[in-house]
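> Mind looking over this structure? Questions follow.
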Amino acid sequence: MVLETLGGKVDHTGLNENTNGLIIQYLPKGTDFASVTNENLHVIMHKLNNRPRKSLGYATPNEVFRYERKKVNIVYITTNLDRYKNHGIINE
């Protein structure tokens, strides 16, 4: 698990601190990471990514990710359909 700040932007500081606090609930300061298994990390990631966040309008990070990913897929499909039409590969 890699924790990374968001470039020190003031508007991200609270979110970063909140996330660090949530992680510390599962991995307190001084935790020996040699004893932390991949399974432990996956359980923690699942719990954190499925926990509603005020900053996301009480949606979970997973819900927001799936929503944003769906938007990207729609743009990608639309862009490729236009490209195929322009090259005469498909007709409408």
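> Just to be sure before I move on: is Gly7 modelled with pLDDT under 90 and loosely packed, with under 11 Cβ neighbours inside 10 Å in the structure I sent?
Spelling it out, Gly7 is indeed modelled with pLDDT under 90 and loosely packed, with under 11 Cβ neighbours inside 10 Å.
> Okay, moving on. What residue, among those in region 19-52 that are basic (Lys, Arg) and not in a helix (DSSP H, G or I), is nearest to Val64 (Cα to Cα)?
Per the stated criteria, the residue is Arg51.
> Among the residues of region 50-62, are any of a type in the set (Ser, Thr, Tyr), loosely packed, with under 11 Cβ neighbours inside 10 Å and over 19 Å from Gly14 (Cα atoms)?
No, region 50-62 contains no residue that is of a type in the set (Ser, Thr, Tyr), loosely packed, with under 11 Cβ neighbours inside 10 Å and over 19 Å from Gly14 (Cα atoms).
The values are calculated or read from the model by the stated rules, or taken from the named source; none is laboratory data. Keep in mind that this is a model prediction, so the values were computed, not measured. Ideal geometry is used to build each Cβ from the backbone, glycine not excepted, and the neighbour counts take in all protein chains shown.
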